[in-house]
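Student: The structure is given below, and queries will be raised subsequently.
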Amino acid sequence: MSEPAVITLSNVRRDYHGRVAVKGASLSLKPGRITALLGPSGSGKSTILRMIAGLEPLDGGTIHAGDTLLADDRHSIPPERRDIGLVFQDYALFPHLSIADNVAFGLKGSRQSRRGQALQWLAQVRLADRADSWPHMLSGGEQQRVALVRALARKPRAILLDEPFSGLDRHLKSEVRSSLIDTLRATGTAVLVVTHDAEEALMMADELVLMDKGEILQSGTPQDCYTRPASIAAARLLGETEVLGCTVTSGTASTAFGEIPCDLPDGVAWLMTRPESVHVSAACDGGTVRSVTFGGTFHEIVLEKDGNTLRIRTPSTALKVGDIATIRFDPATTHVYRS
């Protein structure tokens, strides 16, 4: 039996002057699980985070913490009484307090007890030796870790992270993310991470929620969302896609470049695949190679046939511009949609 949800959103809605920012969204946060809410800017993901935190009112639906109603369109428990930790993009550390005092802020007990708790938390993220430093003396990654343990130190029922790694460079982002995932999982806290970075969401999440234009498009494990996207829009949130018009006839979807089995009824449809999901080889009949470019870990090939183009990424290739090539779609990651 699965653990009961710590936070449950049911059909929540938020309007801004006649524009619907969130349309009937439902999701749940469970203890010890990291949920990543992925979407582009303006998709409504930060609005959902702010509604959970109590920083935005609801125009419909409900938010519960267990059996307790946190908010509906008439009632809202104030943020400070929700027992929910929040980590902003800018970390929001108090510049006039030491690192230890930042973490100890809001804890109960004597000063000595609070400092002891702060040092224990800082030790978990390997920053105990910086306890008496000032925030401006720390790197961005170190400040991020301090902001997280400050939120965790109060042992909230859930913790919300708003684009937590957006200010870090790629190398530091990977290092800090790995460290913080371990810390978050060890606490058993329910976690919501809001991000627009698909790689970040896939690598962090136990549960992935895809959102665009105020609506939740799909939720599930990262692997399921990536390999079996509910729609072309959902697929595009998780990486580059290639979309080709096709015709479905007797269980086969046919494109200008090739075909794949399909269980849709006969008619016009769209085939979606990813550049790395197409296998290409030289042939005497097929598409014409229009470009070959080197991308470090891959070569990108653009094929053209009958006015259609297809972008392919392959680890290596002997193909050259002007060559003729044929392709094979990977059925595990290629899907056909009616619209």
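The values are calculated or read from the model by the stated rules, or taken from the named source; none is laboratory data. These numbers were taken from a predicted model, which means no experiment stands behind them. We place every Cβ from the backbone using ideal geometry, glycine too, and count neighbours over all the protein chains shown. Surface areas here come from the heavy atoms of the whole protein model, side chains and all, with no ligands, DNA or RNA. Shrake-Rupley method; radii C 1.70, N 1.55, O 1.52, S 1.80 Å.
Student: What do you reckon, is GLY188 free of Cβ contacts under 8 Å to residues at least 60 places away in the same chain and in contact with a Gly (Cβ under 8 Å, 6 or more places away or on another chain)?
Tutor: no
Student: Quick one: in region 266-289, which of the residues that are of a type outside the set (Gly, Ala, Ser), modelled with pLDDT of 95 or more and more than 33 Å from the chain's Cα centre (by Cα) is nearest to VAL321 (Cα to Cα)?
Tutor: Only one residue tops the list, namely VAL289.
Student: Out of everything in region 183-198 that is polar (S, T, N, Q) and open to solvent by less than 20 Å² (accessible area, probe 1.4 Å), what residue ends up being modelled with the lowest pLDDT? Quick ask: steps written out before the conclusion?
Tutor: Within region 183-198, the subset polar (S, T, N, Q) is 183, 187, 189, 195.
Checking which are open to solvent by less than 20 Å² (accessible area, probe 1.4 Å) leaves us with 183, 189, 195.
Working: THR183: 81, THR189: 92, THR195: 93.
Residue satisfying both the conditions and the ranking: THR183.
Student: Can you name the helices (runs of 4 or more DSSP H) wholly within region 41-150 that have at least 2 residues being open to solvent by less than 70 Å² (accessible area, probe 1.4 Å) and more than 21 Å from VAL194 (Cβ to Cβ)? Quick ask: steps written out before the conclusion?
Tutor: Values: elements: 45-53, 99-104, 111-124.
Correct list: 99-104, 111-124.
Student: All but one of (1) touching a helix residue (DSSP H, G or I) at 6+ places or on another chain (Cβ under 6 Å); (2) assigned to a strand (DSSP E or B); (3) touching a residue at least 60 places away in the same chain (Cβ under 8 Å) hold for ARG313; state the number of the condition that does not hold.
Tutor: Among (1) touching a helix residue (DSSP H, G or I) at 6+ places or on another chain (Cβ under 6 Å); (2) assigned to a strand (DSSP E or B); (3) touching a residue at least 60 places away in the same chain (Cβ under 8 Å), ARG313 violates only (3).
Student: LYS155 is checked against (1) buried (at least 23 other Cβ atoms within 10 Å of the Cβ); (2) at positive phi and fails just one. What number does that condition carry?
Tutor: LYS155 satisfies every listed condition except (1).
Student: Also: Quick one: is ALA325 surrounded by 15 or more Cβ atoms within 10 Å (Cβ to Cβ) and part of a strand (DSSP E or B)?
Tutor: Details: surrounded by 15 or more Cβ atoms within 10 Å (Cβ to Cβ): yes; part of a strand (DSSP E or B): yes.
Yes; evaluated as a whole, the condition is true for this residue.
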